[in-house]
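What follows is one structure encoded as structure tokens, with my remarks underneath.
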Amino acid sequence: MFGKKMRAFAMGFFNWGIYFGYGMAFALGNYVTEADINGLGWRWCYWIMGAPAILFAFILFFSVKEPEKKQTQILEGSDYEPVELLPLKSRVGSTLKMFFTSPVMIFLLLGASIRHSASFCWSYNSQIYFQQYYPGADIGLWMALDSIVGGTFGIIIGGILSDRLAAKFGIKTRLWVLVGSQLIAGALACGTLSTAPPYAFVYLLFTYFFAEMWFGVLFTVLVEFFPAAMRTTAIAIFIFIINNIGGNAPLIVPPIREALDLQKSLYITYAGFYGLSSFFFLLAQIAFIRSKPNMDDPGQQQAIRGIEIKTLKKM
């Protein structure tokens with residue numbers, strides 16, 4: 001639907017809801033729970049946020065129609081099998097092969113898993129951190145503002161920057177946005193952990209701004225890396241892996257906390273993981289430059305996709 005000039009921007013805009021939802025969780029979770037409406041406490045948080053979702057679900061159901069599926073060929077005039085008819089086993093097998101034989105994908109997967117782990121470690125411990133070290137801080141207001149404002153602007157600016165770099169220098173430059181943004185985010189996260197409110201929340205605002213540049217750019221790289229026949233399968237596998245690694249990452253915080261303390265454990269698993277992800281994104285960028293053909297060349301795009309579709313048909 002979107003060309004390469006707006007692809008990362010579109011990916012970022014589509015994911016805006018993540019930051020609104022995350023930010024509202026702090027606002028409602030703190031203020032509504034404390035209000036204890038009718039003695040029902042935290043339950044009102046779910047009802048307040050769930051009601052609009054039900055309303056929009058009805059609006060979506062009655063106003064949006066499923067596009068008609070068409071069997072289109074990858075290459076015009078070719079005898080290659082349409083994407084929709086490729087066997088599931090072939091798609092999954094070839095996609096996994098590309099994941100674990102391509103240095104670009106290996107480093108990108110490692111970087112994304114570590115970056116996702118940083119988010120989960122901070123999300124599960126941020127409220128506890130401020131309550132433990134700075135009791136009385138207005139966590140609900142600041143965390144909501146920081147995540148919504150910093151996150152939404154960051155993911156959009158990251159997408160725009162990535163699209164402009166790709167348009168001017170080629171799509172291989174998209175990964176530099178990941179390298180730079182996560183390195184800066186790691187440094188700013190150290191500022192969040194080393195200062196007291198309100199300065200900690202100011203650092204956190206800019207931390208979110210740079211940290212969240214990664215999401216739309218990352219999936220744009222995946223879309224442009226894999227041929228159409230593997231694209232949705234590749235994204236599904238990628239999300240499955242990073243969510244399972246990132247979702248379990250907070251389990252490493254308690255033992256580090258016991259050995260050191262909560263603040264030092266977050267220096268490692270929050271700020272440190274941002275910096276470490278930047279390193280792996282850098283390795284992915286170097287591998288991409290050295291091994292990936294010029295995907296901006298239509299002739300090479302056609303040749304690569306033709307070879308990959310033939311490989312799929314033989315499996």
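Read-outs: derived from the displayed coordinates by stated rules, not from any lab. Keep in mind the model is a prediction, meaning the values are calculated, not measured. Here the Cβ is made from the backbone with ideal geometry for all residues, glycine too, and neighbour counts use every protein chain on show.
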Nitroxide proxy distance, nm - points 7 Å out along Cα→Cβ at V92 and I235: 2.0 nm
Theoretical FRET efficiency, 1/(1+(r/R0)^6), r = Cβ-Cβ of D261 and R290, R0 45 Å, to 0.05: 0.60
